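Asks: Before we start, here is the structure in question, set down as structure tokens.
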Amino acid sequence: MLKIGITGGIGSGKTTVCRIFETLGIPVFYADTVAKEIMTQDPVLISGVKDTFGGESYFADGSLNNKHIAGIVFNDQAALAKLNALVHPAVFRAFDSWLETNASAAPYILKEAALLFESGSYKMCDLSILVSAPLSAKLSRVMQRDGVTEAQVLARMDKQFTDEKKMEMADFYISNDETTSLIVQVLALHEQFLSRI
Ligand code: ATP
């Protein structure tokens, strides 16, 4: 089973690109969505978070106290590394069990992750795709989608590798600059991946 990682900076359009692959019947594992879900579902992860960041990391009803955790990790690299060391293995576990149920009938699968390269999870993929877009497009898309300020988007971008660095690491590239058709680019890659299996 060919496993292809797909990434891109915030607002680059990686989820949009993945939705196009899904219309071609390709299963997509959305690592960032799963990471959020398992924060309240994976018992090993939950107890690790409580041990590391305190019982107040969760409310009495079991939901995550995002504000508490974000307050600790946002400007503290060491605390963020501790959180990642808990979350990343849990996402890998979830990915392995997802593969068991989704991979058998598909020619290949995609793993979408914003921090594919930063987290090292690209090493568990056979190939990788970078989705890229001009800075102005990324800023306006995220400001509109999330109702946040330009400064808030830039602060989030600061935590990610630059596109130049990711470009050196990626095997394939999709440009979401709103002039080159995404569908045409996805279909070209799809043909290439099918020819590899
Ligand atoms: P994030 O990392 O923040 O989750 P992302 O890379 O997954 O972002 P998307 O969610 O796919 O990006 O796109 C961000 C926003 O921009 C969405 O609201 C999406 O509908 C819009 N968008 C993406 N690509 C285009 C495009 N080519 N034309 C117009 N809008 C677009």
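The values are calculated or read from the model by the stated rules, or taken from the named source; none is laboratory data. Nothing here was measured: the structure is a model prediction, and the numbers come from that model. Ideal geometry is used to build each Cβ from the backbone, glycine not excepted, and the neighbour counts take in all protein chains shown.
Asks: I'd like the full set of residues that are surrounded by 17 or more Cβ atoms within 10 Å (Cβ to Cβ) and among the polar types (S, T, N, Q), limited to segment 53-83.
Replies: Once the filter is applied, which keeps residues that are surrounded by 17 or more Cβ atoms within 10 Å (Cβ to Cβ) and among the polar types (S, T, N, Q), segment 53-83 yields only S57.
Asks: Name every residue in segment 1-31 that is among the charged types (D, E, K, R) and either assigned to a strand (DSSP E or B) or in the same structural domain as A85 (by TED's automatic domain parsing) (or both), in order of residue number. Steps first, please.
Replies: Within segment 1-31, the subset among the charged types (D, E, K, R) is 3, 14, 19, 22.
K3 - this is the single residue of segment 1-31 that is among the charged types (D, E, K, R) and either assigned to a strand (DSSP E or B) or in the same structural domain as A85 (by TED's automatic domain parsing) (or both).
Asks: Within segment 40-56, how many residues are within 14 Å of L83 (Cα to Cα), without any contact (Cβ under 8 Å) to a residue 24 or more places away in the chain and under 23 Å from the mean Cα position of the chain (by Cα)?
Replies: 1
Asks: Picking from D32, D96, D51, which residue would you name as being over 30 Å from L189 (Cβ atoms) and among the acidic types (D, E)? If you could, list the steps in order and put the result at the bottom.
Replies: Details: D32 fails: over 30 Å from L189 (Cβ atoms); D96 fails: over 30 Å from L189 (Cβ atoms).
Matching residue, one of D32, D96, D51: D51.
Asks: Do we find a residue being farther than 26 Å from S12 by Cβ, among the hydroxyl-bearing types (S, T, Y), over 13 Å from the mean Cα position of the chain (by Cα) and away from the ligand (no atom under 16 Å from the Cβ) anywhere in segment 106-123?
Replies: Filtering segment 106-123 down to residues farther than 26 Å from S12 by Cβ leaves none.
No, there is no match, as no residue in segment 106-123 is farther than 26 Å from S12 by Cβ, among the hydroxyl-bearing types (S, T, Y), over 13 Å from the mean Cα position of the chain (by Cα) and away from the ligand (no atom under 16 Å from the Cβ).
Asks: Write out, first by first residue and then by second, each pair whose Cβ atoms fall under 9 Å of each other, whose residues are 6+ apart or on separate chains, and whose first residue, in segment 15-39, is on the phi < 0 side of the Ramachandran plot and modelled with pLDDT under 95 while the second is in a loop (DSSP other than H, G, I, E, B) and more than 14 Å from the ligand (Cβ to nearest atom).
Replies: Going by the 9 Å Cβ cut-off, there are no qualifying pairs.
Asks: Among the numbered criteria (1) away from the ligand (no atom under 16 Å from the Cβ); (2) touching a helix residue (DSSP H, G or I) at 6+ places or on another chain (Cβ under 8 Å); (3) touching a residue at least 12 places away in the same chain (Cβ under 8 Å), which single criterion is violated by G9?
Replies: The failed condition is (1).
Asks: Against the conditions (1) of a type in the set (D, E, K, R); (2) within 16 Å of the ligand (Cβ to nearest atom); (3) closer than 24 Å to F172 by Cα, where does K3 fall short? Just the number, please.
Replies: (2)
Asks: Could you please let me know if A170 is more than 10 Å from the ligand (Cβ to nearest atom), within 18 Å of L115 (Cα to Cα) and surrounded by 16 or more Cβ atoms within 10 Å (Cβ to Cβ)?
Replies: yes
Asks: Applying the selection to segment 153-162, what residues are away from the ligand (no atom under 12 Å from the Cβ) and of a type outside the set (A, V, I, L, M)?
Replies: Matches in segment 153-162: D158, F161, T162.
Asks: Could you list, in sequence order, the residues of segment 32-44 that are away from the ligand (no atom under 11 Å from the Cβ), closer than 15 Å to N66 by Cα and either among the basic types (K, R) or part of a helix (DSSP H, G or I) (or both)?
Replies: A35, K36, E37, I38
Asks: Pull up segment 124-149, narrow it to residues that are more than 11 Å from the ligand (Cβ to nearest atom) and small (G, A, S), then point me to the one that is nearest to T179 (Cα to Cα).
Replies: S136
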